[in-house]
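This report refers to the structure that appears directly beneath it.
Computed from the coordinates by the stated procedures, all read-outs in this text should not be read as laboratory data. All of these numbers come straight from a predicted model, not from anything done at the bench. Don't worry about glycine lacking a Cβ; one is built from the backbone with ideal geometry, like all the others, and counts go over all protein chains shown.
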Amino acid sequence: MSTQTEPKLVTQIDFARAGQITPQMKEVAEREHRDPEYIRKRVADGRIAIPANIVHIKKGMRAFGVGEGLSTKVNVNLGISGDKADAAEEWKKVKIAEDFGADAIMDLSNSGKTRQFRQQLIDETPLMVGTVPMYDAIGYMEKPLVKLTKDDLFEVVRAHAEDGVDFMTIHCGINKSVTKTFKETGRLMNIVSRGGSLLFGWMEVTGNENPFYEYFDELLEICHEYDVTISLGDSCRPGCLYDSNDATETAEMIELGKLCKRAWAAGVQVMVEGPGHMALDEIAANMKLQKRLCHNAPFYVLGPLVTDIGVGYDHITAAIGGAISASSGADFLCYVTPAEHLCLPNAQDVLDGLMATKIAAHAADIAKKVPHARDMDDKMGQARRKLDWDAMWKCALDPVTGKKRYEESPAATEGTCTMCGKMCAVRTVNKVFEGTTIDLGMED
Ligand code: SF4
């Protein structure tokens, strides 16, 4: 008789490796038009992550798959800042994220006591919830940054895990070796990741190694206990075109790849975060390099923004980059709003940023031939051909805005819109094929 006890299966990757298909894998398979075994196999390999904290599952969250062969997921950031703490406005943003098809919400609250908002968010939203514990550490521990200890930081991570956070951005890859490369080679925009800059500052002042790197195994134990997916933060993502694909970004990416393997070995699901700002022609190669160095872990990207001068319109610069990145291998897009680089987004910014990112993700899914990705596009073509406006709203990514604009400008000729009125090309050709009178010009 064996005296060895079987290891406890907790995480999606534990179950997948044991050959078991979880209800979450089934749910992802159904939504993505894939066989459950397709999902299980890739969760076991780390190519797909299903960020679903066991606490949030009990509260009725939906399961989302991020990774190979699946539709590109979209995240909405929100949360109060020290300069603007309006919880009611943040709840409006939650509603927009849920109503307009976001897959995830990251609560980036970074001032004061944030726990109540986070817990209520996890209680109420069925979407994936992500956080960056480093943002919360100062407020949670009520200590200045440089006084925070490794135990303080891990206590914050544990609190977020206990609350039911599904994925956490943790900047584990910025170690002393990476900061040495950064200081030796220099950059135009230095470090633009908020969490990365905090850790860099902490490391420089204390002289210590990044605790999330030094005690990575301890971090993995917390994540395993609750099935928190680690989203390995890219502290050194380029903050301008000039810094993209430089030595510092690449040095950190190599470290992140090593950490992916350690996380998987500990039964913890992983995603890896990416740029940033990057010229259009560099994006595809960067995605391929990242996938290679990080062993095909799901890739979570901010844009990238394809120019640095689109101020006020950065939801567009990011969506252009997002369509390229997602069609070249990125699996998860973090939205960017028109307020990027300027101020905390308001509710309208959130809607504009979400829709721009959804369009980028959807365009990429069509190019990637994700199963059934273009079904709605083909239905939209049919609805337009019939000038069936109600059917058009059902196909639209944002039916509310489309319908509102149409109704604000009533057309004089039935079935058409005020763009062309009686000269509506669709109407004219329909009349030709119906054999009815083409009345154009006769009454004018
Ligand atoms: S009026 Fe012009 S824009 Fe409007 S539906 Fe007809 S062809 Fe399209």
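Of all residues in segment 430-444, those satisfying the criterion of being away from the ligand (no atom under 14 Å from the Cβ) and either under 36 Å from the mean Cα position of the chain (by Cα) or not β-branched (Val, Ile, Thr) (or both) are 433, 434, 435, 439, 441, 442, 443, 444. Residue count for segment 424-444, restricted to those that are outside any helix (DSSP H, G or I) and surrounded by 10 or more Cβ atoms within 10 Å (Cβ to Cβ): 4.
Of a type in the set (Gly, Ala, Ser), under 30 Å from residue 27 (Cβ atoms) and part of a loop (DSSP other than H, G, I, E, B), is that true of residue 101? In short, yes.
Checking each residue in segment 148-158 for being crowded, with 20+ Cβ neighbours inside 10 Å and in contact (Cβ under 8 Å) with a residue 24 or more places away in the chain picks out 148, 153, 157.
Regarding residue 369, is this residue within 16 Å of the ligand (Cβ to nearest atom), free of Cβ contacts under 8 Å to residues at least 24 places away in the same chain and either at positive phi or basic (Lys, Arg) (or both)? Step through it out loud before you land on a result.
On the way: within 16 Å of the ligand (Cβ to nearest atom): no; free of Cβ contacts under 8 Å to residues at least 24 places away in the same chain: yes; either at positive phi or basic (Lys, Arg) (or both): yes.
No.
Output the residues belonging to segment 211-249 that are in a loop (DSSP other than H, G, I, E, B) and closer than 25 Å to residue 54 by Cβ.
215, 227, 228, 233
Residues in segment 403-429 that are touching a helix residue (DSSP H, G or I) at 6+ places or on another chain (Cβ under 8 Å) and either touching a residue at least 24 places away in the same chain (Cβ under 8 Å) or more than 12 Å from the ligand (Cβ to nearest atom) (or both): 403, 415, 416, 426. State whether one or more residues within segment 337-347 are within 16 Å of the ligand (Cβ to nearest atom) and either surrounded by fewer than 14 Cβ atoms within 10 Å (Cβ to Cβ) or outside any helix (DSSP H, G or I) (or both). So far as segment 337-347 goes, no, none of its residues is within 16 Å of the ligand (Cβ to nearest atom) and either surrounded by fewer than 14 Cβ atoms within 10 Å (Cβ to Cβ) or outside any helix (DSSP H, G or I) (or both).
The residue that is surrounded by the most Cβ atoms within 10 Å (Cβ to Cβ), among those in segment 54-111 that are under 17 Å from the mean Cα position of the chain (by Cα) and of a type in the set (S, T, N, Q), is 72. In segment 374-423, the qualifying residues are those that are closer than 21 Å to residue 353 by Cα and among the aliphatic types (A, V, I, L, M), and the one that is surrounded by the most Cβ atoms within 10 Å (Cβ to Cβ) is 397.
Taken over segment 112-138, the criterion of being part of a helix (DSSP H, G or I), more than 19 Å from the chain's Cα centre (by Cα) and of a type in the set (Val, Ile, Thr) is satisfied by 138 alone.
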